[in-house]
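All of the numbers you see were taken from the coordinates with simple rules; none came from a lab. Small disclaimer: the values here were computed from a predicted structure and weren't measured. Every residue, glycine among them, receives a Cβ derived from its backbone with ideal geometry; neighbour counts consider all protein chains shown.
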Amino acid sequence: MELVSPGIGLIFWMTLAFGLVLWLLSKYAWKPIMKSLHEREASIDKALHEADKAREEMKHLIFSNEQLLNQAKEERDEILKKGREIKEKLIEDAKQKAGEEAARIVESAKESIQNEKMAAMVDLKNQIAQLSIEIAEKLLGHELSDPQKQKELVDKLIKEAKLN
Amino acid sequence: MSKHFYKKSGFLKNFLLLSGIVIFLVFQALASNLQQHETTLQEQSATHETGTHKEKFNAGEMIIEHIVDNHEWHILNLGNFHLTIPLPVILWYDGKLHTFMSSKFHSGRDQYEGFGISKEKENKGKIVRVNQKKYHAEGVIERDKAQEMPLDFSITKTVLAIFMSLALMTWLFISIANTYNKREGKSPKGIQSVLEPIILFIRDDIAKPSIGAKKYEKYMPFLLTLFFFIFLNNLIGLIPFFPGGANVTGNIAVTMVLALFTFVITTFSANKQYWVHIVNAPGVPWWLKFPVPLMPIVELIGVFTKPFVLMVRLFANITAGHIIVLGFISLIFIFGEMYAGLGYVMSILSIAFAIFMNLLELLVAFIQAYVFTLLSALYFGMATEEHH
């Protein structure tokens, strides 16, 4: 029976002692312990939060750097593209000019050749006329004695002259 | 790697050494007990001329003696030498305070100032007013039925064990609190790092989920004190010799006080909703409340059964564990009485089982402390719950 019948003395001392220790520990142990645990957790939380923030900032920084780099790259490409265009245009222009010049030269060459040719032709005609006159002088001097022959000669001369 | 391994093997060596010492001590205690038992038997046969009456080893009596409270702290017997700590007896009787040391009783053989330790079945082990007529005539200490029982406020074995464990707790946690103050914001060190996970476990896994993150802080001191008191005393109760050996958490008065603390705190922190829930439980058909208030009665009984169950659970678990271990030890003597050699063979088996039970009890020590604390926290949570 004693096993399951609580004694008054034990209840009294247990209540007293446990109550006292509960009060003592609440005041001098649990309060500071819970407080410093809480503080430590808060500081860890804060540190983690700050690290997160720093990481975020880092990300931002990297992002802006990349943006800057991309911009620079774009600008460079733009400049290169423009340069290439200018170069092509210059070459094109030069080519065109050269072609025009060449054409002009050829044209003038042709013209001068024509002129020369005409002049040569005139000269040739003059010389032929001269020669013809000479030949005619000679023939006249030689064959005007025979009227038949004279007529033949004139015909022949006319025929020849038309061929020219 | 090698250092780690060395450390591990060092631990193993220490563990083996320790268990070796423990087993040696247990054997020695058993041997001295056996010896003592034999001497008492011899004495008895010497005193009783007939010699036919032999006191048999009574396992039940021995076990009960080991788990109930006592007015003196018996440490060991070596032959006829008894090492016992006498404890103060404080009695309130007839409007007068009587204080003296329990050694005056001479282990229950004598009376003092008219008081003695009863041997009757009904009041066994309790201090009673002695029937003087019978004592002087036959030398028997028996309760004087005409007289009232004195109120016994003695510092018994259990009370002393409570004081010692509470003193240990107070010192331990106040010194840890100082460490916290000194090492502010730093990682825990030493014993602090052993106990901090438990404190955090009680806070994060017991108090917060059961009571709620807003209100739990108010109950933390009680829950922590409760948990460590039960856990520490469960562990100390497993040590078979002084300063252990007292059955604190297996004493119904102790568990009753702990449960009463939980009950009182629950009742005083209860909000309106808690009482409304008892008188008029929502979601219950009206005919269960009127005209016969069946549900309110059930709920009201529930208010009292909750702490009652807390009390019985802890008491029964710890006491049962002790009874089993003591039962295994008793087997040695029961078999030893039949035939001495059998006792020695049995001792090997019994010790093996007792070691196994002790390991199990280590687990139970934690689980019971956890369950008591968790249920207390749940009751506080119920009492302070808001509308959902």
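Please compute, over every Cα-Cα pair in region B:157-383, the percentage with a separation greater than 29 angstrom. Don't jump to the answer; show the numbers that get you there.
Details: 10889 of 25651 pairs.
The answer is 42 percent, as a whole percent.
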Cα convex hull of region B:291-388: mean projected area in nm², to one decimal? 9.8 nm²
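Number of Lys-Lys pairs in region A:1-82 under 19 Å by Cα, sequence gap 8 or more or different chains?
Working: A:K27/A:K35; A:K35/A:K46; A:K73/A:K81; A:K73/A:K82.
So the count works out to 4.
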Which residue, B:F333, A:L80, A:Q127, has the largest displacement toward the positive end of the dipole of the protein assembly as shown when charges sit on each Cβ (Lys, Arg +1; Asp, Glu -1)? B:F333
Could you work out how far apart the two model spin labels at B:A352 and A:T15 are, taking each label as a point 7 Å from the Cα in the direction of the beta carbon, and quote it in nm? 5.0 nm
Per-residue average of Cβ from other chains inside 10 Å of B:179-187: 4
Dipole magnitude of region A:1-148 about its Cα centre (Cβ charges: Lys, Arg +1; Asp, Glu -1), debye to nearest 20: 1500 debye
Of B:I198, B:I174, B:I127, which is the most mobile in a GNM of chain B whose springs link Cα atoms less than 10 angstrom apart? B:I174
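To two decimal places, what compactness ratio does region B:67-219 give when its Cα radius of gyration is scaled by 2.2 N^0.38 Å?
1.59
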What's log10 of I(q)/I(0) for region B:88-152 at q = 0.17, 0.19 Å⁻¹, Debye sum over Cα points only, no solvent? -0.51, -0.65
How high is the FRET efficiency between A:Q127 and A:D93 when r is their beta carbon distance and R₀ equals 51 Å, given to the nearest 0.05? 0.55
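What is the average number of partner chain Cβ atoms found within 10 Å of a Cβ in B:172-178? Don't skip to the end; give the middle numbers.
Numbers: counts 2, 8, 7, 1, 3, 11, 3.
Shielding by partners across B:172-178 averages 5.
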Inter-part gap, Cα centre of region B:111-140 to Cα centre of region B:322-345, in whole angstrom, is 33 Å
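Give the dimensionless ratio obtained when the Cα radius of gyration of region A:2-163 is divided by 2.2 N^0.38 Å. Before the final figure, lay out the partial values.
Numbers: Rg = 63.1 Å, N = 162, 2.2 N^0.38 = 15.2 Å.
Relative to the 2.2 N^0.38 Å estimate, region A:2-163 comes out at 4.15.
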For the pair B:M62 and A:Q148, the simple spin-label estimate (label points 7 Å beyond Cα toward Cβ) gives in nm 19.1 nm
Students often check this: by mean Cβ neighbours within 10 Å, which of B:250-258, B:64-72 ranks highest, and how do the rest follow? B:250-258, B:64-72
Sequence-separation-based contact order of region B:157-383, relative, with Cα cut under 8 Å and 6+ spacing, percent: 28 percent
Can you give the FRET efficiency to the nearest 0.05 for B:W275 and B:S187, using r as the Cβ-Cβ distance and R₀ = 41 Å? 0.35
Candidates B:M169, B:M295, B:M220; GNM for chain B (alpha-carbon contacts under 10 Å) flags as most fluctuating B:M295
Which of the aspartates and glutamates could a cross-linker bridge to A:K89, judged by Cα under 19 Å and excluding same-chain residues fewer than eight apart? A:D77, A:E78, A:E100, A:E101
Hydrophobic long helices for chain B, i.e. whole DSSP H runs reaching 18 angstrom or more by Cα along the axis with Kyte-Doolittle mean at least 1.0, come out as B:157-182, B:216-238, B:252-269, B:294-338, B:340-383
Given contacts defined as C-alpha pairs under 8 Å and at least six residues apart, what's the relative contact order of region B:88-152, whole-number percent? 29 percent
So how tilted is helix A:8-25 from the main axis of chain A? Cα-based, degrees 0 to 90, rounded to 10. 40 degrees
Given points 7 Å out from each Cα along the Cα-Cβ axis, report the B:V298 to A:K53 separation in nanometres with one decimal. 5.6 nm
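What full-extension length gain, to one decimal in nm, is calculated for A:R84 and A:H38 as 0.36 nm per residue of separation minus the Cα-Cα distance?
Working: separation 46, 0.36 × 46 = 16.56 nm, distance 6.81 nm.
Length gained between A:R84 and A:H38: 9.8 nm.
Do me a favour and compute the ellipsoid semi-axes for the protein assembly as shown from its Cα gyration tensor, root of five times each eigenvalue, largest one first, whole Å. Intermediate values should be presented prior to the final figure.
On the way: eigenvalues 3104, 204, 97 Å².
So the equivalent ellipsoid measures 125, 32, 22 Å along its semi-axes.
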Count, for each residue of B:245-257, the Cβ atoms from other chains sitting within 10 Å of its Cβ, then give me the mean as a whole number. 4
Using only DSSP helix segments of four residues or longer, with each worth -39500 (n - 2.57), what per-residue ellipticity at 222 nm results for chain A after dividing by its residue count and rounding to 500? -34000 deg cm²/dmol
Can you tell which of B:A167, B:A316, A:S26 lies farthest toward the positive end of the dipole of the protein assembly as shown, using +1 and -1 charges on the Cβ of basic and acidic side chains (Lys, Arg; Asp, Glu)? B:A167
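Report the Rg/Rh value for chain B, based on alpha-carbon coordinates and the Kirkwood definition of Rh.
On the way: Rg = 25.8 Å, Rh = 24.8 Å.
Ratio value, two decimals: 1.04.
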Burial ranking of peptide ranges B:74-86, B:99-111, B:234-246 (average Cβ count within 10 Å, highest at the top): B:234-246, B:99-111, B:74-86
Choice from B:M357, B:M311, B:M338 with maximal GNM fluctuation in chain B (Cα, 10 Å cutoff): B:M338
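By per-residue mean of other Cβ atoms within 10 Å, what is the highest-first order of A:39-46, A:61-68, B:87-94, B:342-349? Walk me through the numbers on the way to the answer.
Numbers: A:39-46: 12.0, A:61-68: 10.0, B:87-94: 18.0, B:342-349: 15.6.
The peptides rank, most packed first, as B:87-94, B:342-349, A:39-46, A:61-68.
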Which FRET efficiency value, to the nearest 0.05, do you get for B:S175 and B:F242 by plugging their Cβ-Cβ distance into 1/(1 + (r/R0)^6) with R0 = 25 Å? 0.60
